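What follows is a single structure, written as structure tokens, with notes after it.
The values are calculated or read from the model by the stated rules, or taken from the named source; none is laboratory data. Just so it is clear, the model here is predicted, and its values are computed rather than measured. With ideal geometry, Cβ positions are generated from the backbone for all residues, glycine too; neighbour counts draw on all protein chains shown. Protein only, heavy atoms only, side chains kept; ligands, DNA and RNA dropped before computing areas. Shrake-Rupley method; radii C 1.70, N 1.55, O 1.52, S 1.80 Å.
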Amino acid sequence: MSFDYKVADLSLAEFGRKEIRLAEHEMPGLMATRAEYGASQPLKGAKIMGSLHMTVQTAVLIETLVALGAEVRWVSCNIFSTQDHAAAAAVVGPNGTPDNPQGVPVYAWKGETLEEYWWCTEQALTWPGGEGPNMILDDGGDATMLVHKGAEFEKAGAVPSPSEDDAEEFKVFLSLLKKSVAADPQKWTRVASRIKGVTEETTTGVHRLYEMHRDGKLLFPAINVNDSVTKSKFDNKYGIRHSLPDGIMRATDVLIGGKIALVAGYGDVGKGSADALRGQGARVVVTEIDPINALQAAMDGYEVARVEDYIETADIFITTTGNFDIFTADHMKRMKHQAIVGNVGHFDNEIDMAGLEKTPGIKKTEIKPQVHEYAFPDGHTILVLSEGRLLNLGNATGHPSFVMSNSFTNQTIAQIELFTKSAEYPLDVYTLPKLLDEKVARLHLDALGVRLTELTKEQAAYIGVDVAGPYKPDHYRY
Ligand code: NAI
């Protein structure tokens with residue numbers, strides 16, 4: 001078998017394979033899904049383009065999709081999040097060797113430029129022979145955006161030129177589209193027409209999907225995987241509780257205990273972040289714009305204040321909002337010496353990196369990759385992690401396997417749903433039925449030694465549910 005791919009170094013595959021083997025044991029949901037569906041091959045004929053952090057855990061997801069019959073091409077959805085050994089192992093595959101790779105085409109390496117990032121995304125969306133995928137598995141919506149914007153500009157007859165105010169990322173994106181539409185003026189229209197649907201991993205990507213649908217621009221149905229309870233209430237919360245302190249520690253080795261840590265946003269990611277930092281002994285301050293979340297934070301025992309209140313006293317600033325300009329260049333100028341600034345939302349504009357870089361007299365020093373010291377003209381410095389991008393993936397290895405098994409089992413089930421039952425999913429954005437959400441949780445109980453109580457028939461009738469579930473109405477919030 002020969003195929004195109006681009007990763008850092010295939011000789012890392014053996015290390016990647018060892019870590020995949022360990023991860024498989026920690027991903028009981030995915031392994032049970034392989035056992036349940038391996039024989040029936042529900043994804044036979046599926047051509048899945050995946051844009052999701054190319055980590056060890058993602059390699060287990062990729063190999064699950066392949067075990068269910070899919071053809072897969074993959075990229076990372078972030079320029080720093082690829083684990084090069086995982087990417088190599090995914091290309092080599094369980095039965096291949098670096099000289100004879102037999103896995104899947106991956107286009108991802110740690111430390112891509114923005115140009116390379118969008119090049120990789122286009123490669124993964126282009127099957128040999130010029131055909132596109134028939135399914136997308138997305139994280140943050142970049143692959144979905146490329147297909148949609150491409151088709152939109154083709155219909156309009158021109159790709160717009162970027163304006164001065166556009167973010168660097170968007171400028172690079174437009175320039176890639178310009179080239180690709182010039183080479184093949186109907187490429188994205190064709191690609192879009194073949195796609196049966198997309199399953200979206202994260203809050204930010206899900207926002208984009210609902211907006212596109214509201215504006216009548218969505219071109220194919222979508223399943224919002226993020227809002228499966230076993231995704232957002234687990235990965236976003238317990239995943240970040242593990243990977244945020246891991247990232248801060250690997251990046252800086254600064255003792256978190258006793259420090260003042262400000263967490264912007266108290267949604268699922270904010271809750272996990274605040275909990276982790278408090279667990280390390282930090283004095284945690286939360287900022288919120290939503291009175292409900294602000295009240296929750298206060299009742300969980302956090303001080304709730306504004307960024308301005310702590311700008312000169314906090315030691316660690318973490319943004320988790322999915323919004324932009326949370327820490328502005330002006331804020332950063334006023335932070336104390338060696339304050340640590342990091343983002344665990346989705347895009348780098350949560351921190352005004354562009355504004356920081358343009359600050360008159362600013363001096364940037366690389367301490368090590370993904371850790372930069374910015375010195376202001378008065379001599380004081382701040383430390384910015386992962387150049388303002390997801391630090392838990394850029395400075396550490398992202399969320400651990402067990403929690404990602406929940407997320408990725410939802411992803412696999414969502415791919416099967418959309419691919420095999422297209423007729424039941426007309427154009428819209430869906431969440432998975434609660435029974436499937438409960439199934440994902442169930443698959444993870446034995447590994448933790450959980451003994452679930454079984455309802456009696458009488459109890460089930462008394463609370464108005466089926467003995468086998470679902471146990472809660474759709475409006476229940478957990
Ligand atoms: P969420 O919607 O539950 O929480 C975001 C919170 O930020 C909301 O409560 C909102 O009211 C608040 N917020 C918005 N603007 C604000 C502002 N200016 N100041 C203070 N608070 C503000 O979303 P969730 O699930 O917590 O996700 C947040 C972000 O994290 C998203 O971009 C998501 O894609 C990303 N994410 C990152 C992960 C990672 O591994 N780093 C994992 C999962 C999600």
Sort out which residues of the stretch 312-326 are within 15 Å of the ligand (Cβ to nearest atom) and either over 23 Å from the mean Cα position of the chain (by Cα) or more than 19 Å from Arg283 (Cβ to Cβ) (or both), and write them in order of number.
Ala314, Thr321, Gly322, Asn323, Phe324, Asp325, Ile326
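Yes/no matrix, rows are residues, columns are (1) open to solvent by less than 50 Å² (accessible area, probe 1.4 Å); (2) part of a loop (DSSP other than H, G, I, E, B); (3) within 16 Å of the ligand (Cβ to nearest atom):
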{"position": "Glu154", "(1), (2), (3)": "yes, no, no"}
{"position": "Pro160", "(1), (2), (3)": "no, yes, no"}
{"position": "Glu164", "(1), (2), (3)": "no, yes, no"}
{"position": "Lys171", "(1), (2), (3)": "no, no, no"}
{"position": "Leu176", "(1), (2), (3)": "yes, no, no"}
{"position": "Trp188", "(1), (2), (3)": "yes, no, no"}
{"position": "Thr204", "(1), (2), (3)": "yes, no, yes"}
{"position": "His207", "(1), (2), (3)": "no, no, yes"}
In the list Pro101, Pro105, Pro133, Pro128, which residue meets the criterion of being of a type outside the set (Asp, Glu), touching a residue at least 24 places away in the same chain (Cβ under 8 Å) and open to solvent by 30 Å² or more (accessible area, probe 1.4 Å)?
Pro128
Before we move on, is Trp109 outside any loop (DSSP other than H, G, I, E, B) and either of a type in the set (Phe, Trp, Tyr) or modelled with pLDDT under 95 (or both)?
no
Please work out which one of (1) part of a helix (DSSP H, G or I); (2) open to solvent by 60 Å² or more (accessible area, probe 1.4 Å) is the condition Tyr478 fails and give its number.
(1)
Could you go through the stretch 209-225 and let me know if any residue there is free of Cβ contacts under 8 Å to residues at least 24 places away in the same chain and within 15 Å of the ligand (Cβ to nearest atom).
yes
How many residues, within the stretch 419-455, are among the hydroxyl-bearing types (Ser, Thr, Tyr), open to solvent by 60 Å² or more (accessible area, probe 1.4 Å) and part of a loop (DSSP other than H, G, I, E, B)?
2
Here the residues within the stretch 160-188 that are of a type in the set (A, V, I, L, M) and touching a residue at least 24 places away in the same chain (Cβ under 8 Å) are Ala167, Val172, Leu176, Leu177, Val181
Of the conditions (1) touching a strand residue (DSSP E or B) at 6+ places or on another chain (Cβ under 9 Å); (2) away from the ligand (no atom under 16 Å from the Cβ), the single one that Asp446 does not satisfy is (1)
Does the stretch 363-374 contain at least one residue that is away from the ligand (no atom under 16 Å from the Cβ), β-branched (Val, Ile, Thr) and either out of contact with any helix residue (DSSP H, G or I) (no Cβ under 7 Å at 6 or more places or on another chain) or over 16 Å from Thr252 (Cβ atoms) (or both)?
yes
From the list Lys364, Lys358, pick out the single residue that is open to solvent by 40 Å² or more (accessible area, probe 1.4 Å), in contact with an Asp or Glu (Cβ under 9 Å, 6 or more places away or on another chain) and over 22 Å from Gly322 (Cα atoms).
Lys364
Identify all residues within the stretch 209-244 that are under 30 Å from His372 (Cα atoms) and crowded, with 20+ Cβ neighbours inside 10 Å; write none if there are none.
Asp235, Asn236, Tyr238, Gly239, Ile240, Arg241, Ser243, Leu244
